[in-house]
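No lab work stands behind these numbers, since they all come straight from the coordinates. Small disclaimer: the values here were computed from a predicted structure and weren't measured. Every residue, glycine as well, gets a Cβ built from its backbone with ideal geometry; the counts of neighbours run over all protein chains shown.
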Amino acid sequence: MLWAVHTKYAQFIAHPLVAAILFASSLVIFYFTPLFSWATREHIGHQWMIVHFVITGYLFVQALIGVDPGPVRLGYPQRLMLLIATLAFHAFFGLAIMNGQTLLLADWFGAMGRTWGEAPLQDQQTGGAIAWGIGEIPTAALTLIVAVNWARSDQREAKRLDRASDRTGNQDLAEYNEWLERINKGK
């Protein structure tokens, strides 16, 4: 397992930007290509879909809040920007499904002969709204977790710097004040 997670391929797909691109683009690639038909008609396709979405979701969340070491650890502002960009992409996907006027897999969903509930296209549009709305719940939770971790990180860093300053008898503070005094005299 250690060998597998340290391969160049694993390091590439675990990079935060790659993980975010995989996570966001997977929706479009899956639902708007023949992969959707394969996953609908074949059991192995459905299993592949589940494994793929679990892995890409894991890689994305690991890049944002994971404790396992990765190839690159983004700063908290960059993590929030990455999260917001991915959130926007997910929202646009939900809107595309919601406003779509063409039934996905019409030969499958249109031929079901279902006599109850909404028409297949309306059902799909409702599904797009649900995907958009429910997708915001974990994103909001991730945003909150990233923000809390950022605040805790700042507190830990401040305590670490205070301890280091105490160990040196506040030498760093004295050097800083001397530097400010030199700047002030230079004016």
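Some notes on this structure:
- Given the alternatives [x] 29, 24, 13; [y] 24, 21, 16; [z] 49, 20, 13, semi-axes √(5λ) of the Cα gyration tensor in Å as computed for this entry is given by [z].
- Pairwise FRET efficiency - residue 58 versus residue 166, Cβ, R0 = 45 Å, nearest 0.05: 0.65
- When the Cα atoms of segment 1-67 are aligned to their principal axes, the ranges along those axes come out at 37, 23, 19 Å in descending order.
- In this simple spin-label approximation, residue 92 and residue 153 carry label points 7 Å from Cα along the Cα→Cβ vector, and these lie 2.6 nm apart.
- Nearest 10 degrees, 0 to 90: helix 16-31 Cα axis against the chain principal axis: 10
- Taken over segment 102-167, the alpha-carbon convex hull comes to 101 cubic angstrom per residue.
- Simple Cβ-charge dipole of the chain, Lys/Arg +1 and Asp/Glu -1, about Cα centre, in debye nearest 20: 460
- Percentage relative contact order, the chain, counting C-alpha pairs under 8 Å, at least six apart: 20
- Segment 66-128: trypsin sites (Lys or Arg not before Pro) falling in loop per DSSP and having at most 14 other Cβ within 10 Å: 73, 114
- Relative contact order [Cα under 8 Å, 6+ residues apart], segment 1-93, whole percent: 38
- Full extension of the chain between residue 46 and residue 101 yields a length gain of 17.3 nm, computed as 0.36 nm times the residue separation minus the alpha carbon distance.
- Separation of alpha-carbon centers, segment 1-58 and segment 116-187, rounded to whole Å: 28
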